[in-house]
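Encoded as structure tokens, the structure appears first; notes follow it.
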Amino acid sequence: MINTATRLPAATWRDYLTLTKPKVISLLLFTAVCPMFIAARGLPHWLPLLGVLVGGYMATGGAGVFNMVLDRDIDGQMRRTAKRPLVTGVISVRSAIIFGLLLSFGSFLVLWLTANLLTALLAWFGLLYYVIVYTAWLKRTTWQNIVIGGAAGSVMPLLGWAAVTNGLDWMAGLLFALIFLWTPVHFWALAFLVKDQYEAVGIPMAPAVLGSKRTVQQMLLYAALTALASLAPFAINEAGWLYSGAAVLLNLLLFRKVVKLHRQVKVGHEVARKDALDLYKYSMLYLALIFLVLVADRTLAPILPI
């Protein structure tokens, strides 16, 4: 409970920026922009590119704001989130809601005017899915929260693809599936790092509900499915050997890190914090490199003697 007699410092632009979760948005935007180059097989038009960067940030930022509004009760009980502006009271709930609405409606207009209506609608779908389906419903009710809720972040490649083509096709769907299947491995690695905090506030994240052994088994399954999804573009002739070779190497390293956790829990040990952190960091690098190499394959490989 905040002591109202204590004068709080005035909110700054940095406090409002924190509400948008900029660290999370950076990777999400990357997975929206790369598909624009993939779809265009080169440099996309500057206007939709700028629109996706600005409007995409606004949409995902708006989702982050509403996530913090809805989660402010549990954020105050977790060390990882205890200093968020809504918890400390630097920003009021009313101000945060107004800010979130401005970002949300602004994102729709920006994406519609710079790209097309489909892009704007996809961004809003991701925003509403994250806020209503994941944050307000799934997060506190099932350990499958991040699995089903992962569809919100998986929308970003569709958004980028639609901005270039004003439509969607199988390749866009594969990029959606790749992020959807990658999300559990990425997020559960993080969940191992703050497992005790999730338990304390009653959030049913897999490591806290299923236990370490079953969670790592699930991670192995999703790592395998992620590998299949990442190699699918090559299988349908949408990517060449440059991409497939890099994808195989990146997936082998991903498997190696998940298997390391599996060996620990198989003999009854808990997942080592340093190994969970290593997997979490690599999973972000993995996704960024997969998209980056796919861009290179689609734009550079045709003009290189490969």
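The values are calculated or read from the model by the stated rules, or taken from the named source; none is laboratory data. These figures come from a predicted structure and were not determined experimentally. FYI the Cβ positions are ideal-geometry reconstructions off the backbone, even for glycines, and counts take in every protein chain you see. Keep in mind that these areas ignore ligands, DNA and RNA; they rest on the heavy atoms of the full protein, side chains included. Shrake-Rupley method; radii C 1.70, N 1.55, O 1.52, S 1.80 Å.
With 0.36 nm allotted per residue and the present C-alpha distance subtracted, the Arg263-Leu210 stretch has 17.4 nm of extension available. A simple spin-label model places pseudo-atoms 7 Å from Cα toward Cβ; at Gln144 and Phe30 they are separated by 3.0 nm. Over the stretch 180-306, the reciprocal of the mean inverse Cα-Cα separation, the Kirkwood hydrodynamic radius, stands at 15.5 Å. Here the chain exposes an accessible surface that is 68 percent carbon and sulfur, computed with a 1.4 Å probe and the other protein chains kept in place.
Would you mind working out the accessible area per residue for the chain, using a 1.4 Å probe, and quoting it in Å²? Display every interim value, and only then the final one.
Values: 14530 Å² over 306 residues.
Value returned for the chain: 47 Å² of accessible area per residue.
Would you kindly give the portion of the calculated P(r) for the stretch 168-228 that falls above 20 Å, as a percent of all Cα pairs? Walk me through the numbers before you get to the answer.
Working: 640 of 1830 pairs.
For the stretch 168-228, the share of Cα pairs beyond 20 Å comes to 35 percent.
The length gained on full extension between Ala136 and Leu277, counted as 0.36 nm times the residue separation minus their Cα-Cα distance, comes to 48.0 nm. When the listed pairs Lys21/Lys83; Lys23/Lys274; Lys139/Lys260; Lys195/Lys274; Lys139/Lys274; Lys139/Lys266 are checked against a 24 Å cut-off, the alpha-carbon distance exceeds it for Lys139/Lys260; Lys139/Lys274; Lys139/Lys266.
Given R0 = 41 Å, the distance between the Cβ atoms of Val248 and Glu270 translates into a calculated FRET efficiency of 0.85. A 1.4 Å probe, protein heavy atoms only, puts the accessible area of Ser26 near 70 Å². Rg and Dmax over the alpha-carbon atoms of the stretch 50-94 stand at 12.5, 38 Å. With q set to 0.26, 0.31 Å⁻¹, the log10 of I(q)/I(0) for the stretch 142-181, from the Debye formula over equal scatterers at the Cα positions, is -0.79, -0.97. Pair-distance distribution P(r) for the stretch 98-170, from all Cα-Cα distances in 10 Å bins starting at 0: 20, 43, 29, 7 percent.
Using bins of 20 Å that start at zero, the share of Cα-Cα pairs per bin across the chain amounts to 32, 56, 12, 0, in whole %. Two tests apply to each whole DSSP H helix in the chain, Cα reach of 24 Å or more along its axis and mean Kyte-Doolittle hydropathy of at least 1.0, and the ones passing both are 22-40, 46-70, 93-114, 170-193.
Place a +1 charge on the Cβ of each Lys and Arg in the chain and a -1 charge on the Cβ of each Asp and Glu, then give the dipole magnitude about the Cα centre in debye, rounded to the nearest 20. Before the final figure, lay out the partial values.
On the way: 25 positive and 12 negative charges, 175 e Å.
About 840 debye.
Inverting the mean 1/r over all pairs of different Cα atoms, compute the Kirkwood radius of the stretch 196-250 and quote it in Å. The partial results should precede the final answer.
Numbers: mean 1/r = 0.0747 Å⁻¹.
Evaluated over the stretch 196-250, this radius sits at 13.4 Å.
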